[in-house]
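Enquirer: I'd like to ask some things about the structure below.
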Amino acid sequence: MENKKYYSHKHLELIKKYQEEGRYEKALQEAELYLKNYPDEPLGLLYYTNLLIKLNLLEEAEKILEYIPKTQKFTILDKENYYGTMIRLLGAQKRYQEAYDLFIEQDVENFQKQSTKVGDKIFLCRKLGLPIDKSKCGKSYYLHQLYDYSEENFFKHVKKHFYVSSKDTAKFYKDFPFQEIYPIIKELLPTEHFVLHTLNNRYALFRYDNCGYCDEGPTNYFCVVFIEDTNSIITMYPQMPEEYIGYTDLNYLKEEQEEPTLKQVKRLSQIEKFNQKYKMN
């Protein structure tokens, strides 16, 4: 049974839930409320700091990370989270050498063996021009994209969000003009509005009305996940709008589609070539 005098597992789980759902405004409110009740609780401080980093509020995050060690209440889990959070902050600040040195010094990869930690190491090695062990990528599409990005592999991957029969994945509607929107998105990345999802990737939200559907139903928004500090897209899929982060509106493209028939036929010819090459139909 938890000691409610020092922490609240239930409240921490609520903050985590809101964060995982992309309800960042609500997660921030709950984290701030939690810290009013438990001002020196390390895990609550780390949850709050991670939220600040995700939302690119880096100065505030740095101040809290400087304060946390003074609490002197680290468990093994808190230590893992603390150094992982510090590395994420250094990466967000583009202090890649410091992030890598801390990663190696604290052996973060062995704290929790998962693709996120391996991806962080690959990303930092890429930034610093250090050798990378390709075998660490295994069969992971995501890790291979971090190791050696391939646009063609992205096109193959994103097909699962187009024209498939299974009901459990977000889908773009068949008339969603992916081949027109894709190069525009690449030009816009990184957008003004984004979430620093991990050290090695961000995601941004775009609006294009009636673009597709997700588990919650039809939506006018889609998410684009891309490698940090690049416009290399890992994946994209329809989803419901998220609080706090904002979006880039692409609905002006709908107006541009109203053009003379001759031009429209010419454009459709290019679309057909694209579809044939990447088998989008």
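Enquirer: Run the quick spin-label model on Asp107 and Arg95: label points 7 Å from Cα toward the beta carbon, then report their separation in nm to one decimal.
Expert: Placing both labels 7 Å along Cα→Cβ, they lie 2.5 nm apart.
Enquirer: At a Förster distance of 22 Å, what's the computed FRET efficiency of Asp215 paired with Glu180, Cβ-Cβ distance as r, to 0.05? Write out the running numbers ahead of the final one.
Expert: Values: r = 26 Å, r/R0 = 1.20.
Calculated value: 0.25.
Enquirer: If amide hydrogens are placed 1.01 Å from N in the peptide plane, which non-local residues have theirs closer than 5 Å to the one on Asn201?
Expert: Amide H neighbours of Asn201: Glu228.
Enquirer: Can you pull out the trypsin sites (Lys or Arg not before Pro) in the stretch 118-215 that DSSP calls coil and that have at most 14 other Cβ atoms within 10 Å? Mind showing how you got there, number by number?
Expert: Values: sites: Lys121, Arg126, Lys127, Lys134, Lys136, Lys139, Lys156, Lys159, Lys160, Lys167, Lys171, Lys174, Lys186, Arg202, Arg207; in loops: Lys139, Lys167, Lys174.
For trypsin sites (Lys or Arg not before Pro) across the stretch 118-215 that sit outside H, G, I, E and B with at most 14 neighbouring Cβ atoms in 10 Å, the list reads Lys139, Lys167, Lys174.
Enquirer: Would you mind pulling out the separation of the Cα centroids of the stretch 168-230 and the stretch 1-57, in Å?
Expert: Cα centres, the stretch 168-230 to the stretch 1-57: 27 Å.
Enquirer: Name the residues of the stretch 167-205 whose amide N is less than 13 Å from a point 7 angstrom out from the Cα of Leu57 along the C-beta direction?
Expert: none
Enquirer: Right, another one. Can you pick out the pairs among Lys134/Lys174; Lys127/Lys156; Lys63/Lys127; Lys94/Lys186; Lys10/Lys139 whose Cα atoms lie more than 31 Å from each other? Please list the in-between numbers first.
Expert: Working: Lys134/Lys174 36 Å; Lys127/Lys156 26 Å; Lys63/Lys127 26 Å; Lys94/Lys186 21 Å; Lys10/Lys139 36 Å.
As for pairs spanning more than 31 Å Cα to Cα, those are Lys134/Lys174; Lys10/Lys139.
Enquirer: For a quick check of understanding: with a 1.4 angstrom probe and all protein chains in place, what accessible area in square angstrom does Asp249 have, to the nearest ten?
Expert: For Asp249, the solvent-accessible surface is approximately 70 Å².
Enquirer: Could you check the simple spin-label distance between Lys254 and Lys160, using points 7 Å along Cα→Cβ, in nm with one decimal?
Expert: The two pseudo-label positions are separated by 3.0 nm.
Enquirer: A further question on this structure: Heavy atoms only, probe 1.4 angstrom, no DNA, RNA or ligands counted: give me Glu80, Glu98 ranked by accessible area, highest first.
Expert: Ranking Glu80, Glu98 by accessible area, largest first, yields Glu98, Glu80.
The values are calculated or read from the model by the stated rules, or taken from the named source; none is laboratory data. Keep in mind the model is a prediction, meaning the values are calculated, not measured. Heads up, the Cβs are rebuilt from the backbone with ideal geometry, glycines too, and the neighbour counts pull from every protein chain shown. In case anyone asks, the SASA skips ligands and DNA or RNA and just uses the protein heavy atoms, side chains included. Shrake-Rupley method; radii C 1.70, N 1.55, O 1.52, S 1.80 Å.
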